[in-house]
Amino acid sequence: MFGILRKRQLKPVVYKRPDHCISRKNIDPDALKVLYRLSTLGYTAYLVGGGVRDLLLGRKPKDFDVGTSAKPPEVRKAFRNCFLIGRRFRLAHVRFGDKVIETATFRKNSQTVGEIIEHAAEGPQEDNEFGTPETDAFRRDFTVNGLFYNIEDFSVIDWVGGMKDLKKGIIRAIGDPDVRFQEDPVRMMRAIKFSARLGFKIERRTAAAIKRRHACILSAAVPRVCEEVFRLFPYGHSREAFGMMYSYGLLGDLLPELSAFIDKDGGLKSKVFSCLSVLDGYEKMMAEKGLEVPNAVRAAVLMAAMYRAGGAARSVMQTMLSRLKIPKAVYFSAVLFMESTRRLSVPPSRGRQSFVHNRQFLDALDFNRIVLRSEGKSEDVLNEWSDLYEAKGK
């Protein structure tokens with residue numbers, strides 16, 4: 001299935017504790033409980049995926065996932081707080097309050113290329129064949145996500161060359177990127193997400209495959225694509241992410257009207273990217289406060305330049321609704337934010353002050369600040385609205 005499997009290394013490179021920076025004090029204590037429990041019962045249990053990558057980069061992981069030789073029923077037997085999900089491939093969710101430690105049995109993927117292309121619209125098709133740490137590593141998407149942390153000796157196990165790519169700052173597909181992107185076209189968006197978020201360069205063969213296969217994204221399940229679009233915003237790197245989406249052709253596939261507007265508006269110098277740059281600063285500020293920017297604000301900012309160029313709010317946002325099937329609540333809120341620009345462009349003394357009672361007033365205010373800052377315009381009138389809101393004790 002994978003183009004490089006014939007050349008893959010026969011044994012993993014094992015980085016012992018002195019050779020890497022991962023410390024147990026930086027690993028979620030509940031993830032450690034899962035790892036230690038499974039290990040004590042005689043199963044192989046590794047910390048896997050993005051959590052290992054982020055720890056090696058000195059970042060705080062958002063999630064901690066576990067890979068294990070234990071079968072799903074065995075994981076459930078080991079933890080009272082465990083629930084099995086999924087039909088094609090069973091996953092164990094070990095719950096600690098609102099937190100979930102996803103625990104998956106090592107997988108083996110035995111599909112042929114024909115099966116991959118036939119089922120692309122349904123997302124990656126997992127079979128129920130369990131595998132080994134090696135097969136599990138080679139079925140992952142990118143080398144930097146294919147590293148395992150072994151709780152027994154605190155080593156990092158590398159079957160796919162992920163450690164070298166981490167040090168070089170490279171996003172590289174595991175296997176033949178053309179095949180991997182046909183298998184699951186959403187991986188192309190994930191490559192862009194990781195590149196933008198980590199500041200890594202997409203490796204040459206992987207980048208060339210995205211340029212060749214970008215239209216395959218239209219065969220992916222729309223809900224997954226929509227979810228991945230909104231995952232391009234957090235962490236304050238949407239300017240870079242959507243710039244790559246545009247350059248690689250993916251934006252033209254998913255939102256052709258927006259891509260066409262960017263073409264006419266200066267390409268990568270378009271006002272679309274000016275708005276996203278300001279949004280990125282707002283995302284970082286909110287993250288420092290432990291808050292997340294609403295998706296409706298993100299969607300409105302992405303389409304704001306088209307609206308400001310003379311489009312009607314509903315028709316502009318209709319492109320995201322019809323093509324990405326964004327939730328209706330996101331659509332209507334984004335329309336509200338766009339239409340609020342006229343109301344908030346005049347001082348409260350000359351406008352309808354009742355808008356400050358709207359539950360989405362603060363989000364509308366933030367949207368307007370982002371747009372005005374991207375255009376280099378005064379925020380004095382917005383400050384008057386903000387003062388009125390504070391005076392009313394909201």
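Might you check whether a residue that is modelled with pLDDT of 95 or more, over 23 Å from R53 (Cα atoms) and crowded, with 18+ Cβ neighbours inside 10 Å occurs anywhere in the stretch 189-199? If you could, list the steps in order and put the result at the bottom.
Of all residues in the stretch 189-199, those modelled with pLDDT of 95 or more come to 189-199.
Remaining after also requiring over 23 Å from R53 (Cα atoms): none.
Checking the stretch 189-199: not a single residue is modelled with pLDDT of 95 or more, over 23 Å from R53 (Cα atoms) and crowded, with 18+ Cβ neighbours inside 10 Å.
For the stretch 238-293, give me each residue that is in a helix (DSSP H, G or I), over 24 Å from D363 (Cβ atoms) and in contact with a Lys or Arg (Cβ under 7 Å, 6 or more places away or on another chain).
Y248, L254
Restricting to the stretch 161-188, and then to whatever is among the basic types (K, R) and either not in a loop (DSSP other than H, G, I, E, B) or not assigned by TED's automatic domain parsing to the domain that holds Y15 (or both), can you tell me which residue is surrounded by the fewest Cβ atoms within 10 Å (Cβ to Cβ)? Can you show your working first?
To start, the set of residues in the stretch 161-188 that are among the basic types (K, R) comprises 164, 167-168, 172, 180, 187.
Those still in the list that are either not in a loop (DSSP other than H, G, I, E, B) or not assigned by TED's automatic domain parsing to the domain that holds Y15 (or both) too: 164, 167-168, 180, 187.
Numbers: K164: 14, K167: 9, K168: 13, R180: 27, R187: 25.
Restricting to residues being among the basic types (K, R) and either not in a loop (DSSP other than H, G, I, E, B) or not assigned by TED's automatic domain parsing to the domain that holds Y15 (or both), the top hit is K167.
Return a yes/no flag: does the stretch 276-283 have any residue that is surrounded by fewer than 20 Cβ atoms within 10 Å (Cβ to Cβ), hydroxyl-bearing (S, T, Y), outside the structural domain of M317 (by TED's automatic domain parsing) and touching a helix residue (DSSP H, G or I) at 6+ places or on another chain (Cβ under 6 Å).
no
Within the stretch 365-392, count every residue that is hydroxyl-bearing (S, T, Y) and closer than 19 Å to M306 by Cβ. Spell out the reasoning first.
Initial filter on the stretch 365-392 (hydroxyl-bearing (S, T, Y)): 374, 378, 386, 389.
Going one step further and asking which of them are closer than 19 Å to M306 by Cβ, we end up with 374.
Residues meeting the conditions: 1.
Mind listing whichever residues of the stretch 337-357 are assigned to a loop (DSSP other than H, G, I, E, B) and either among the aromatic types (F, W, Y) or farther than 18 Å from L372 by Cβ (or both)? First the steps, then the outcome.
Applying the first criterion (assigned to a loop (DSSP other than H, G, I, E, B)) to the stretch 337-357 yields 344-347, 351-352.
Across the stretch 337-357, the qualifying residue is only R352.
Could you please find all residues in the stretch 192-228 being among the hydrophobic types (A, V, I, L, M, F, W, C) and under 26 Å from L56 (Cα atoms)?
Pass one, the stretch 192-228, residues among the hydrophobic types (A, V, I, L, M, F, W, C): 192, 194, 196, 198, 200, 202, 207-210, 215-218, 220-222, 225-226.
Residues satisfying the conditions are I192, F194, A196, L198, F200, I202, A207.
Let me confirm something: among S110, S69, which residue is modelled with pLDDT under 80, in the same structural domain as G42 (by TED's automatic domain parsing) and either over 29 Å from R172 (Cα atoms) or among the hydroxyl-bearing types (S, T, Y) (or both)?
Working: S69 fails: modelled with pLDDT under 80.
The match here is S110.
Restricting the stretch 113-135 to residues that are over 22 Å from the mean Cα position of the chain (by Cα), in a helix (DSSP H, G or I) and among the charged types (D, E, K, R), which is modelled with the highest pLDDT? Working first, answer last.
From the stretch 113-135, those over 22 Å from the mean Cα position of the chain (by Cα) are 113-119, 127-135; that's our starting set.
From what's left, in a helix (DSSP H, G or I): 113-118, 133-135.
Next, from what is left, pick out any that are among the charged types (D, E, K, R): 115, 118, 134.
Details: E115: 37, E118: 37, E134: 95.
Restricting to residues being over 22 Å from the mean Cα position of the chain (by Cα), in a helix (DSSP H, G or I) and among the charged types (D, E, K, R), the top hit is E134.
Looking for whichever is buried (at least 20 other Cβ atoms within 10 Å of the Cβ) and either of a type in the set (K, R) or assigned to a helix (DSSP H, G or I) (or both) here; the options are L362, L372, L302, L321. Which one fits?
Numbers: L362 fails: buried (at least 20 other Cβ atoms within 10 Å of the Cβ); L372 fails: buried (at least 20 other Cβ atoms within 10 Å of the Cβ); L321 fails: buried (at least 20 other Cβ atoms within 10 Å of the Cβ).
That would be L302, the only listed residue that is buried (at least 20 other Cβ atoms within 10 Å of the Cβ) and either of a type in the set (K, R) or assigned to a helix (DSSP H, G or I) (or both).
Which one of these does I151 not meet: (1) touching a helix residue (DSSP H, G or I) at 6+ places or on another chain (Cβ under 9 Å); (2) surrounded by fewer than 23 Cβ atoms within 10 Å (Cβ to Cβ); (3) without any contact (Cβ under 8 Å) to a residue 40 or more places away in the chain?
(3)
Name the residues in the stretch 193-237 that are within 14 Å of the chain's Cα centre (by Cα), closer than 16 Å to L324 by Cβ, not in a loop (DSSP other than H, G, I, E, B) and not basic (K, R), would you?
The answer is P223, V225, C226, E227, E228, V229, F230.
Residues of the stretch 319-378 being charged (D, E, K, R), within 26 Å of V225 (Cα to Cα) and free of Cβ contacts under 8 Å to residues at least 40 places away in the same chain, which ones?
We begin by selecting, within the stretch 319-378, every residue charged (D, E, K, R); these are 323, 325, 328, 339, 342-343, 350, 352, 359, 363, 366, 369, 373, 375, 377.
Those left that are additionally within 26 Å of V225 (Cα to Cα): 323, 325, 328, 363.
Of everything in the stretch 319-378, just one residue is charged (D, E, K, R), within 26 Å of V225 (Cα to Cα) and free of Cβ contacts under 8 Å to residues at least 40 places away in the same chain, namely K328.
Would you pick out the residues in the stretch 28-67 that are assigned to a loop (DSSP other than H, G, I, E, B), of a type in the set (D, E, K, R) and within 23 Å of A78 (Cα to Cα)? Can you show your working first?
So in the stretch 28-67, the residues assigned to a loop (DSSP other than H, G, I, E, B) come out as 28, 41-44, 49, 57-64.
Applying the additional criterion that residues be of a type in the set (D, E, K, R) yields 28, 59-60, 62-63.
D28, D63 - these are the residues of the stretch 28-67 that are assigned to a loop (DSSP other than H, G, I, E, B), of a type in the set (D, E, K, R) and within 23 Å of A78 (Cα to Cα).
The values are calculated or read from the model by the stated rules, or taken from the named source; none is laboratory data. A quick note: this is a predicted structure, and the numbers were derived from the prediction, not measured. So basically every Cβ, Gly included, is an ideal-geometry build from the backbone, and we count neighbours across all protein chains shown.
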